[in-house]
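Quick notes on the structure that follows.
The values are calculated or read from the model by the stated rules, or taken from the named source; none is laboratory data. Treat the numbers as computed from the prediction; the structure is a model and nothing was measured. Here the Cβ positions follow ideal geometry from the backbone for every residue, glycine too, while neighbour counts run over all protein chains shown. What goes into the accessible areas is simple: the full protein's heavy atoms, side chains included, and nothing from ligands, DNA or RNA. Shrake-Rupley method; radii C 1.70, N 1.55, O 1.52, S 1.80 Å.
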Amino acid sequence: MARKAMLIDITLCVGCGLCRDACKEQNGLPEGEEVKLNANAYTVVQDYGNDTYVRRLCMHCEAPTCASVCPVGAFTKTEFGPVLYDESKCIGCRYCMQACPFQVPTYTWNQVAPRVRKCIFCHERLAQGLQTACAEICPTGATIFGEREELIAEAQKRLRDEPEKYVNHIYGLNEAGGTSVFFLSAV
């Protein structure tokens, strides 16, 4: 399977929150609108005013620090993109939370046996040849899913075709050593 990625074009996001809701349904998380990542929300849509909405989720780094600091191997980077978490291995040290440059992993503080929580890029869906639930439901095309190299080419094309629309930068291409989630933005 080719390496997968996600391209989020902030200029197309209308803040509807369907991506958040689809993620919650896919992962059996409680309903509700969240304003920041937590154990009940693996993705959120943050409102920055002036019709600017930004999604937050695990960036699925190319060289994930969460995996590099985990003493028991609870985090693994798959060859096709997702950074997975195996809660059966987790000892609750929370080193991953300290190491993540994007402050993504959260913790279930209120449970008897607390664990880390984060987006796993709909790993089960990918194994079935499907896209992530959040990308599938996006009504505006603000979130698209596909092969990593194709999405990089698409982002570069958008920057070339409409230079006045975007900041000339693909966020996630080089940040933290590169990620599997890319952003295009007008600001």
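Suppose every K and R has +1 on its Cβ and every D and E has -1 on its Cβ; what is the size of the dipole of the chain about the Cα centre, in Debye to the nearest 20?
Working: 19 positive and 22 negative charges, 114 e Å.
In total the dipole reaches around 540 debye.
Among (1) 33, 20, 14; (2) 27, 19, 15; (3) 29, 24, 16, which is the computed semi-axes √(5λ) of the Cα gyration tensor in Å?
(2)
What's the local net charge at Ala2, with K and R +1, D and E -1, over the other residues with C-beta under 14 Å away? Numbers along the way, then the final one.
Numbers: positive: Arg3, Lys4, Arg148; negative: Glu79, Glu147, Glu149, Glu150.
Cβ neighbours under 14 Å give a net charge of -1.
Could you work out which residue, out of Pro82, Pro105, Pro71, moves most in a Gaussian network model of the chain, that is, has the largest mean-square fluctuation with Cα springs under 10 Å?
With Cα springs under 10 Å in the chain, the top fluctuation among Pro82, Pro105, Pro71 is at Pro71.
If you roll a 1.4 angstrom probe over the protein chains with everything in place, what fraction of the accessible area of the chain belongs to carbon and sulfur, to the nearest %?
Reported share for carbon and sulfur atoms: 49 percent.
Could you tally the net charge around Ala63, taking each other residue with its Cβ under 14 Å from the Cβ of Ala63, Lys/Arg +1 and Asp/Glu -1?
Working: positive: Arg3, Lys77; negative: Glu62, Glu79, Glu175.
Net charge in that neighbourhood comes out at -1.
Add -39500 (n - 2.57) for each DSSP H run of 4 or more in the chain, then divide by its residues: what number comes out at 222 nm, to the nearest 500 deg cm²/dmol?
My calculation for the chain gives -6000 deg cm²/dmol from helical runs alone.
Return the single residue from Ile170, Ile152, Ile91 with maximal mean-square fluctuation; model: Gaussian network over the chain, springs between Cα atoms under 10 Å.
Ile91
Which residue fluctuates most in the GNM of the chain (Cα springs below 10 Å): Asn38, Asn110, Asn168?
For the chain, modelled as a Gaussian network with Cα springs under 10 Å, the answer is Asn110.
How many Å² of accessible area per residue for segment 12-167, probe 1.4 Å?
Averaged over the residues of segment 12-167, the accessible area is 52 Å².
Using a cut-off of under 12 Å, list every residue of segment 72-86 whose amide N is near the label point 7 Å from the Cα of Gln111 along the Cα-to-beta-carbon line.
Taking a point 7 Å out along Cα→Cβ of Gln111, the residues of segment 72-86 whose backbone N falls under 12 Å are 86.
Can you tally the net charge around Cys16? Count Lys and Arg as +1, Asp and Glu as -1, for every other residue whose Cβ sits under 13 Å from the Cβ of Cys16.
Every neighbour counted, the sum reads -2.
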